[in-house]
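Participant: Right, I'll just put the structure down here and ask away after.
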Amino acid sequence: MRTASIALFACGLVFAASEARAACGCTGMSVARTSGNTQIICSSNNFDDFDECTKRSGTSRTVCTSTYEYVCPVGVNSEDWGADEPEQKTGFGVTATLTGTASECTSGQLLAMTITGNGGTEDNPNINPTDSTGAPGELVTGVTFDVDNDATHLFPAYPIGGGTATNPKFGGDNYRWSDEADVLIERKDGLYRWWDNTDQGKEDKDEDASWRYKFVSWVRGSSGQPSCSCSFDISVDWGSDEDPDTTYTQDTDYSSRCNW
């Protein structure tokens, strides 16, 4: 009887260890956003539609062992302020540090936004569905994110889509594993990272325009392991016949384990 009891106990230990290895947790997240810097994404996909990024392969790669290495700008980039139709882009790179088995974590991004120009509010673009953020409190304690993942709907208005502080309304903004072929995202044991680049453009130099974005970039742990989120605003004020003023500001209310 004693021998059987010991064997059963050992079996239980093996099961517990296997379960722990399978679980994934996020211990920290950062957002690269300083103009002049870059975010590197390693990928096996050959993209031709990310013109802002430098694509490297073979011996030209610097850190990636995947087929391709994409070096993408963060902060203000692709600016053409003096054109008849002025434009710029504002990029950022997200890096999440993980423990356990990366495929057990889920990732995504949320967005609410408002664009004004020519004295009025413009229509927002359509939602890019993301994964669910899970049950209340999984990402940020005390916050239940109301996420619209209907691709026929427009992104809700900045800052929280008409919701409340503890029940804000956002639109899904992709960066999930199933959409790897459509966005620059890297997922492997130890980290997730991705790159995004919003664009701003005016009809002419005299237009007085503004852009307000509130993002929530997140990775949710599995089996009770920790999750991460970095929420931040990108604000662009572009006055008539002026250069734009662009700022990135963390929103601590919707951030957890965010190393801003």
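Participant: Using just the helices of the chain, give the 222 nm mean residue ellipticity in deg cm²/dmol: DSSP H runs with n ≥ 4 each add -39,500 (n - 2.57), and the total is spread over all residues, rounded to 500.
Facilitator: Values: 1 runs with 21 residues, N = 260.
Calculated at 222 nm, the ellipticity per residue is -3000 deg cm²/dmol.
Participant: Scan around SER255 for amide H atoms under 5 Å from its own, H built in the peptide plane at 1.01 Å from N, and keep only partners 5 or more places away or cross-chain.
Facilitator: For SER255, the qualifying residues are SER231.
Participant: Moving on. As a test of reading the structure, rank TRP195, TRP177 by solvent-accessible area (1.4 Å probe, protein chains only), most first.
Facilitator: TRP177, TRP195
Participant: Then there's this: Could you sort PHE215, PHE47 by their accessible area in this structure, using a 1.4 Å probe and putting the largest first? Could the numbers behind the result be given before it?
Facilitator: On the way: PHE215 0, PHE47 25 Å².
Correct descending sequence by accessible area is PHE47, PHE215.
Participant: Please work out how much length the chain gains when fully extended from ALA83 to ASN118, using 0.36 nm per residue of separation minus the C-alpha to C-alpha distance, in nm with one decimal. Let's see the in-between values first.
Facilitator: Details: separation 35, 0.36 × 35 = 12.60 nm, distance 1.78 nm.
Residue separation times 0.36 nm, minus the Cα-Cα distance, leaves 10.8 nm.
Participant: Roughly how many percent of the accessible protein surface of the chain is carbon and sulfur, given a 1.4 Å probe and a whole-percent answer?
Facilitator: Numbers: 5900 of 12630 Å².
Carbon with sulfur: 47 percent of the solvent-accessible area.
Participant: By how many degrees, 0 to 90 and rounded to 10, does the Cα axis of helix 2-22 deviate from the longest principal axis of the chain?
Facilitator: Its long axis makes an angle of about 10 degrees.
Participant: Moving on. Using alpha carbon centroids, what distance separates the stretch 125-162 and the stretch 211-259, in Å?
Facilitator: First find each Cα centre; the distance between them is then 14 Å.
Participant: SER44 accessible area, nearest 10 Å², 1.4 Å probe?
Facilitator: Estimated to the nearest 10 Å², SER44 gives 80 Å².
Participant: Highest mean first, what order results for 73-83, 204-214 on Cβ atoms within 10 Å? Write down the numbers at each step before the final one.
Facilitator: Values: 73-83: 16.0, 204-214: 17.6.
Result, highest mean Cβ count within 10 Å first: 204-214, 73-83.
Participant: Among the listed pairs LYS55/LYS205; LYS89/LYS169; LYS169/LYS205, give every one whose C-alpha distance is greater than 30 Å. Mind showing how you got there, number by number?
Facilitator: Working: LYS55/LYS205 33 Å; LYS89/LYS169 25 Å; LYS169/LYS205 34 Å.
Cα-Cα > 30 Å for LYS55/LYS205; LYS169/LYS205; rest within.
Participant: Determine the order of ASP173, ASP123 by accessible area, beginning with the largest, at a probe radius of 1.4 Å.
Facilitator: Working: ASP173 10, ASP123 130 Å².
Correct descending sequence by accessible area is ASP123, ASP173.
Participant: Identify which of ARG176, ARG33, ARG61 has the largest mean-square fluctuation in a Gaussian network model of the chain, with springs joining Cα atoms closer than 10 Å.
Facilitator: ARG61
Participant: I would also like to ask the following. What's the magnitude of the charge dipole for the chain around its Cα centre, counting Lys and Arg as +1 and Asp and Glu as -1 at the beta-carbon? Answer in Debye, nearest 20.
Facilitator: Values: 18 positive and 40 negative charges, 463 e Å.
That gives a dipole near 2220 debye.
Participant: Given the Cα atoms of the chain, and with Rh set as the inverse mean 1/r over their pairs in the Kirkwood sense, what is Rg to Rh to two decimals?
Facilitator: Computed over Cα atoms, the ratio is 1.06.
Participant: Give me the one-decimal nm value for the distance between modelled label points at PHE47 and THR249, 7 Å along each residue's Cα-to-Cβ direction.
Facilitator: 2.9
Participant: Taking a probe of 1.4 Å, how large is the accessible area per residue of the chain, in Å²?
Facilitator: Working: 12630 Å² over 260 residues.
With the other protein chains kept in place, the chain gives 49 Å² per residue.
Participant: Further question on the same structure: Residue farthest toward the positive end of the dipole of the stretch 122-228, with Cβ of Lys/Arg at +1 and Asp/Glu at -1: which of SER210, GLY190, THR164?
Facilitator: GLY190
Participant: Do you know the relative contact order of the stretch 43-174, to the nearest whole percent, from alpha carbon pairs under 8 angstrom that are 6+ apart?
Facilitator: Values: 215 pairs, mean separation 24.9, N = 132.
The normalised contact order for the stretch 43-174 reaches 19 percent.
Participant: Name all residues of the stretch 173-205 having a backbone nitrogen under 19 Å from the label point set 7 Å from the Cα of THR67 along its Cα→Cβ direction, giving them as ranges.
Facilitator: Residues 178-188 fall inside that zone.
Participant: Also, I was wondering about something else. Rounded to a whole number, what is D in µm²/s for the stretch 92-144 from Stokes-Einstein with the Kirkwood radius over alpha-carbon pairs (20 °C, 1.002 mPa s)? Let's see the in-between values first.
Facilitator: On the way: Rh = 14.6 Å.
For these conditions, the coefficient is 146 µm²/s.
Participant: Running a GNM on the chain with Cα contacts under 10 Å, which residue among PHE50, PHE145, PHE170 ends up with the highest mean-square fluctuation?
Facilitator: PHE50
The values are calculated or read from the model by the stated rules, or taken from the named source; none is laboratory data. Because the structure is a prediction, the values reported are computed rather than measured. Glycine also receives a Cβ, built like all others from the backbone with ideal geometry; neighbour counts cover every protein chain displayed. Note: accessible area is taken over every heavy atom of the protein model, side chains too, but ligands, DNA and RNA are not part of it. Shrake-Rupley method; radii C 1.70, N 1.55, O 1.52, S 1.80 Å.
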